[in-house]
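Remarks on the structure that follows.
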Amino acid sequence: MMDWYSNYPAPSKEEAIIEVTKETGESEWAREIITGMSSLGSYTGWYARFKGDVISEIKKRKEEREKKEKEIKKEKEGVEYVLRHITGDSTFRV
């Protein structure tokens, strides 16, 4: 069956972007990654390999973004702590 579908082309890049966006919610990254690909392969190649690669890359980027956001939050809390103690104001918020 997969051999049969290897005779069919993959979805267009726009259709692929829409598919990946529906699954990940990240249209900007989906567009960036997919437009950078020279080919999406065949119908089988897209669904068996390339689509999973794109989704994995987006998940990796999401994890990196969340990690960076946690680091920023921790740094902000540290600055807030120091400023509260310097000013003596326990209600101080950044």
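Readers should treat all values here as calculations from the given coordinates under stated rules, not as data from a laboratory. Worth saying up front: this structure is predicted, and the values here are computed from it rather than measured. Don't worry about glycine lacking a Cβ; one is built from the backbone with ideal geometry, like all the others, and counts go over all protein chains shown.
Annotations for the structure displayed:
- As a proxy for reagent exposure, Leu83, Leu40 were ordered by neighbouring Cβ count within 10 angstrom, fewest first; the result is Leu83, Leu40.
- 13 Å beta-carbon shell around Glu69, net charge (K/R +1, D/E -1): +3
- For the chain, lysine pairs separated by 8 or more sequence positions, or belonging to different chains, with Cα-Cα distances below 14 Å total 8.
- Point-to-point label distance, Asp53-Tyr8, nm (Cα→Cβ direction, 7 Å offset): 2.1 nm
- Highest GNM mean-square fluctuation among Gly25, Gly78, Gly45, for the chain modelled with Cα contacts below 10 Å: Gly78.
- Cα gyration tensor shape of the chain, rounded if a/c is under 1.5, else prolate or oblate by comparing a/b with b/c: prolate
- Computed [θ] at 222 nm, helices only, for the chain once each DSSP H run of length n ≥ 4 contributes -39500 (n - 2.57): -21500 deg cm²/dmol
- Top of Ala30, Ala16, Ala48 by mean-square fluctuation, Gaussian network on the chain, Cα under 10 Å: Ala48
- Between Glu77, Glu23, Glu14, the Gaussian network model of the chain with springs among Cα atoms under 10 angstrom shows the greatest mean-square fluctuation at Glu77.
- Sorting Trp46, Trp29 from the fewest to the most surrounding beta carbons within 10 angstrom yields Trp29, Trp46.
- Whole-number percent relative contact order across region 2-63, with pairs defined as alpha carbons under 8 Å at least 6 apart: 44 percent
- Note on Arg65/Met37: beta-carbon distance plugged into 1/(1 + (r/R0)^6) with R0 of 22 Å gives a FRET efficiency of 0.55.
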